[in-house]
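Q: Sharing a structure below in structure tokens format, with a few things to ask.
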Amino acid sequence: MYRVAVIKGDGIGVEVTNAAMEVMRAVTDKIDFVEFEGGIEIFKKFGVPIKEEDLEEIKKMDAVLFGATSTPFNVPNYKSLILTLRKELNLYANLRIIPDLWRDREIYIVRENSEGLYSGEYEVDNSRVVDFRVITREGAEKIARFAIELAKDRNFKEITFVHKANVLRGDRFFRKIVLSLAEREGIKVNEKIVDSFTIELVRNPWQHKIILSENLFGDILSDLASIHAKSIGVIPSGNYGEEIALFEPIHGSAPDIAGKGIANPIGAILSGAMLLDYLGLDGWVIWNAVKNYVKKGNLTPDLGGNAMTVDVVNGIISEIDDQEIDPIEWDELWVDEIRINTLPTLFMK
Ligand code: 48Y
């Protein structure tokens, strides 16, 4: 049995995480889900976004499934739960998969997840506030390797590396490391300057298979790229470390639609698929079921339909049940999907 920590968070985080667990349970009975609380309510009681003892417990688990939390910026000393988890669990790589579920293609965005302007290092005095944009050799090498291994696994010949090395010293350093590692591994680097790249990412996105960038650029680029998935509600992600990984949809807690039962669960469900891949279980079954479902099923309002969350979940589960044919035949029938949808062993426990 695998033990997976579940942090649903607030807003639609709760609904979509429940949906993801239901779908995962339809694929495997090898997971024990263990629930933990975190976020602003815990902070009000304990002064931290997640309790120390819970964090210690989570570190011993196989993986984490995360929903969404709101991070108000006007609560003094509050520190974002997800940023705390990324830091405490050393999750250095953030992989966001922008899927075109209707045409079977995707863009992988590899975002450095622990440094840059998110380093947490700063200087404050009465007249000046400085956030340090930290790029270390170790951090740059690890994330470059992650993107390059992903490219090799997918048989892609190149990665797109997005930076601002014309202005920022840190990116000049990062660039040197990316170029030399890629050359050694036989991967071409398509270099782009971040500001002009935004236009290309809007107009002509699909030629970029893997996009590598530092933390804040990766944050912004992945939200921008979400327009190509039709809704940010369908985009899954994995935050990978050396010991553990955390999976979350990239959408936020969407308080405006929370509790109405209309949240799109697909981003969370596909995050569940990435989690299964990480554990060496059958994540591709979920990917296939989702792709089959969206082509014919009723979708939630963000995708122009009028389905409820529960309709989408039930529809996807019935697609999973339809796939329950003899596993030996499966291998032959779905071999392409296995290659496309299953993440490489580098990203496995
Ligand atoms: O995961 C994200 O992309 C979010 O935008 C967070 C980030 O900046 O990485 C925001 C964190 C938060 O608001 O708690």
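The values are calculated or read from the model by the stated rules, or taken from the named source; none is laboratory data. Keep in mind that what you see is a predicted model, and the values were worked out from it rather than measured. Counting neighbours? That spans all protein chains shown, and the Cβs are built from the backbone with ideal geometry, glycine included. Just so you know, the surface numbers come from the protein's heavy atoms only, side chains and all, with ligands and any DNA or RNA stripped out. Shrake-Rupley method; radii C 1.70, N 1.55, O 1.52, S 1.80 Å.
Q: Over the heavy atoms of Ser127, what accessible area does a 1.4 Å probe trace out, to the nearest 10 Å²?
A: For Ser127, the solvent-accessible surface is approximately 110 Å².
Q: So which of Lys230/Lys295; Lys8/Lys260; Lys45/Lys79; Lys87/Lys152; Lys157/Lys230; Lys30/Lys152 end up more than 18 Å apart by C-alpha? Walk me through the numbers on the way to the answer.
A: On the way: Lys230/Lys295 13 Å; Lys8/Lys260 16 Å; Lys45/Lys79 14 Å; Lys87/Lys152 28 Å; Lys157/Lys230 27 Å; Lys30/Lys152 30 Å.
Going by Cα-Cα distance, Lys87/Lys152; Lys157/Lys230; Lys30/Lys152 fall outside the 18 Å limit.
Q: May I pose another question? Counting only the heavy atoms of the protein chains, how much of Met21 is accessible to a 1.4 Å probe, in Å² to the nearest 10?
A: 20
Q: Hey, quick one: spin label on Asn155, modelled 7 Å out along Cα-Cβ, who in region 82-122 has an amide N within reach, i.e. under 20 Å?
A: Of the residues in region 82-122, 100, 103-108 have backbone N under 20 Å from the label point off Asn155.
Q: Calculate the spin-label point distance for Asn298 paired with Arg3, positioning each point 7 Å from the Cα along the beta-carbon direction, and give it in nanometres.
A: It is 4.2 nm.
Q: Output the relative contact order of the chain, whole-number percent, from Cα pairs under 8 angstrom with separation of 6+ residues. Mind dumping the intermediate values first?
A: Details: 699 pairs, mean separation 76.5, N = 349.
Normalised by residue count, the contact order of the chain is 22 percent.
Q: Oh, and also: Could you tell me what fraction of 2.2 N^0.38 Å the Cα radius of gyration of region 141-195 comes to, as a two-decimal ratio?
A: Values: Rg = 10.9 Å, N = 55, 2.2 N^0.38 = 10.1 Å.
Relative to the rule-of-thumb radius for its length, region 141-195 sits at 1.08.
Q: Multiplying the sequence separation of Glu243 and Phe73 by 0.36 nm and subtracting their Cα-Cα distance, what value in nm do you get? Could the numbers behind the result be given before it?
A: Numbers: separation 170, 0.36 × 170 = 61.20 nm, distance 3.05 nm.
Length gained, Glu243 through Phe73: 58.1 nm.
Q: With labels modelled as points extended 7 Å from the Cα through the Cβ direction, what inter-label distance (nm, one decimal) is found for Glu121 paired with Asp256?
A: Each label point lies 7 Å from its Cα, and together they span 3.9 nm.
Q: Now for a different question. Taking the Cβ of Trp102 as the center, what net charge do the other residues with Cβ under 10 Å away carry, scoring Lys and Arg +1 and Asp and Glu -1? Don't jump to the answer; show the numbers that get you there.
A: Numbers: positive: Arg103, Arg105, Lys230, Lys291, Lys295; negative: Asp100, Asp104.
My count for the surroundings of Trp102 gives +3.
Q: Checking the a/c ratio against 1.5 first, then a/b against b/c, what shape does the Cα gyration tensor give for region 244-319?
A: Values: a/c = 2.64, a/b = 1.29, b/c = 2.05.
Oblate.
Q: Right, another one. Compute the whole-percent fraction of alpha carbon pairs in region 1-132 spaced more than 22 Å apart.
A: Numbers: 4318 of 8646 pairs.
Across region 1-132, Cα pairs with separations above 22 Å total 50 percent.
Q: Could you pull the accessible area for Val130 with a 1.4 Å probe, rounded to 10 Å²?
A: Result for Val130: roughly 40 Å² accessible.
Q: Where the centre of each part is set by its Cα atoms, how far does region 122-137 sit from region 91-111, in angstrom?
A: Region 122-137 and region 91-111 have Cα centres spaced 31 Å from each other.
Q: Give the average over all directions of the projected area of the C-alpha convex hull of region 96-230, one decimal, in nm². Intermediate results must be reported in sequence, preceding the final value.
A: Details: hull surface 35.5 nm².
Approximately 8.9 nm², given one-decimal rounding.
Q: Could you work out the relative contact order of region 271-313? I mean the mean sequence separation of Cα pairs under 8 Å and 6+ apart, divided by the number of residues, in percent. Working shown, then result.
A: Values: 30 pairs, mean separation 9.3, N = 43.
Taking the mean separation of contacting Cα pairs over the length of region 271-313, I get 22 percent.
Q: Using Cα-Cα distances under 8 Å and only pairs 6 or more residues apart, what relative contact order does region 117-215 have, in percent? Can you show the working numbers first?
A: Numbers: 118 pairs, mean separation 31.0, N = 99.
This gives 31 percent for region 117-215.
Q: Run the dipole for region 235-316 about the Cα centre, Lys and Arg Cβ at +1, Asp and Glu Cβ at -1, nothing else charged, and hand back the magnitude in debye, nearest 20.
A: That gives region 235-316 a dipole magnitude of about 440 debye.
Q: Still on this structure: Rounded to the nearest 20 debye, what is the charge dipole size of the chain about its Cα centre when +1 sits on each Lys and Arg Cβ and -1 on each Asp and Glu Cβ?
A: Values: 41 positive and 56 negative charges, 271 e Å.
With only Lys, Arg, Asp and Glu charged at Cβ, the dipole is about 1300 debye.
Q: Would you work out which of Leu91, Gly67, Gly120 lies farthest towards the positive end of the dipole of the chain, given +1 charges on the beta-carbon of Lys and Arg and -1 on that of Asp and Glu, about the Cα centre?
A: Value: Gly120.
Q: Using a 1.4 Å probe on the protein chains only, how many percent of the accessible area of the chain belongs to carbon and sulfur? Walk me through the intermediate numbers first.
A: Details: 7920 of 15770 Å².
It is 50 percent, rounded to a whole number.
Q: Compute the FRET efficiency between Val34 and Asn90 as 1/(1 + (r/R0)^6), taking r as their Cβ-Cβ distance and R0 = 22 Å, and round to the nearest 0.05. Kindly include the intermediate steps, with their values, before the conclusion.
A: Numbers: r = 20 Å, r/R0 = 0.92.
After rounding to 0.05, the efficiency reads 0.60.
Q: Taking the dipole about the Cα centre of the chain, with the C-beta of Lys and Arg at +1 and of Asp and Glu at -1, give me whichever of Leu299, Gly218, Ala273 is farthest to the positive side.
A: Positive-most Cα among the choices belongs to Gly218.
Q: With unit charges on the beta carbons (Lys and Arg positive, Asp and Glu negative) and the dipole taken about the Cα centre of the chain, which residue among Gly233, Leu150, Val202 sits farthest to the positive side?
A: Val202
Q: I would also like to ask the following. Just the ratio, please: alpha-carbon radius of gyration of the chain over 2.2 N^0.38 Å, N its number of residues. Mind dumping the intermediate values first?
A: Values: Rg = 19.8 Å, N = 349, 2.2 N^0.38 = 20.4 Å.
Compactness ratio reported: 0.97.
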